[in-house]
Amino acid sequence: MAEADLYTMYKGVLVPTLIHPPQSLRRYETFAFRPDDVLIVTYPKSGTTWMQEIVPLIMSGGDPASVETLHNWDRVPWLEEGRSCSLNLDDRPSPRMFTTHFLHHMMPPSFFEVRPKVIYVMRNPKDVFTSAFHYHRMASFLVDPEPQSDFLHKFLHGKVMFGSWFEHIKSWLNDRERIFYISYEEMIKDLGDSVARIALFLEKPLDKGVIKKIAERCGFDNMKKNNMSNYSAVPQEIMDCTKSEFLRKGIAGDWKNQLTAAEAEYFDAVYEDNMKDVDYKFAWA
Ligand code: A3P
């Protein structure tokens, strides 16, 4: 399918049309947040699904019921996606948990009035690109990422779903109010410590045993086995796991197996140009 048929331009960024019908985008604009809502914000392929496993477990004090019975897209739904219209989100009891891939300036007015808690998950953009490349191979509602050099050019210039990685991260780093920043790399390095810090931010202090159990359950191999989180429920014509799995490798640094030396150099130059004024110590830098 041609790119124009796969994507819709919404507030300056491309969104996959199949899962972002006009009614959900309209509904999103008037969504009413509550102060105790928890919002997971990510650029796609940065660790969204991982955080959709961790946050409910923290909020439930380690009770696995929701991660064992609810798909991640219903457990911590995306506010902008079509499915959100059928989930009665306004009737969910507090504290509610949501996800979004949108940039900061795309948040609805209620976000700025209410200031829900935000967890912003970031990942080395070279690994984001690598993960996205494989995801685009398996997802029929996204553009074909081949040839890789063309897809890399699009990625580095924001001509991909949810726009520029650089703009996304800069938009969310500009406003540090009630936002907890964590990187995929920190979670890979020490998941127990990451869970403990997220729990503190969520004002849900947990004892060490519970933190250890949550970290074990959220380890890559265990999450891969969880049919509520591994996307195995999605029909093959929409996501073809024979081409690439959703929980694919789960490591930091896989870009070294994906980018040529010239592509990595090009990436670094664009990164440097876009990020030179950003005052933040990134885990991958
Ligand atoms: P890879 O394709 O590099 O393996 P998102 O959920 O934002 O779409 O991100 C998907 C990426 O997060 C995939 O990366 C996936 O494997 C990785 N991921 C999901 N759960 C993980 C976990 N428990 N541990 C490590 N990586 C995980």
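The table below lists the values:
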quantity: Neighbours by Cβ (under 9 Å, 6+ apart or cross-chain): first from the stretch 211-229, within 15 Å of P56 (Cβ to Cβ); second within 8 Å of the ligand (Cβ to nearest atom) and polar (S, T, N, Q); calculated: M223/T49; M223/S229; S229/T49; S229/Q52
quantity: Qualifying residues in the stretch 185-203 (those that are more than 16 Å from the ligand (Cβ to nearest atom) and of a type in the set (G, A, S)) - the one least open to solvent (accessible area, probe 1.4 Å); calculated: A199
quantity: Selected residue [among the polar types (S, T, N, Q), open to solvent by 10 Å² or more (accessible area, probe 1.4 Å), closer than 30 Å to E113 by Cβ and within 15 Å of the ligand (Cβ to nearest atom)] from T49, T42; calculated: T49
quantity: Scope the stretch 1-17; condition open to solvent by 50 Å² or more (accessible area, probe 1.4 Å), under 20 Å from L103 (Cα atoms) and among the hydrophobic types (A, V, I, L, M, F, W, C); matching residues; calculated: M9
quantity: Total residues in the stretch 218-234, condition away from the ligand (no atom under 11 Å from the Cβ) and open to solvent by less than 60 Å² (accessible area, probe 1.4 Å); calculated: 3
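The values are calculated or read from the model by the stated rules, or taken from the named source; none is laboratory data. Values in this document were obtained by computation on a predicted structure and should not be read as measured data. Here Cβ is always computed from backbone atoms with ideal geometry, including for glycine, and neighbour counts include all displayed protein chains. Keep in mind that these areas ignore ligands, DNA and RNA; they rest on the heavy atoms of the full protein, side chains included. Shrake-Rupley method; radii C 1.70, N 1.55, O 1.52, S 1.80 Å.
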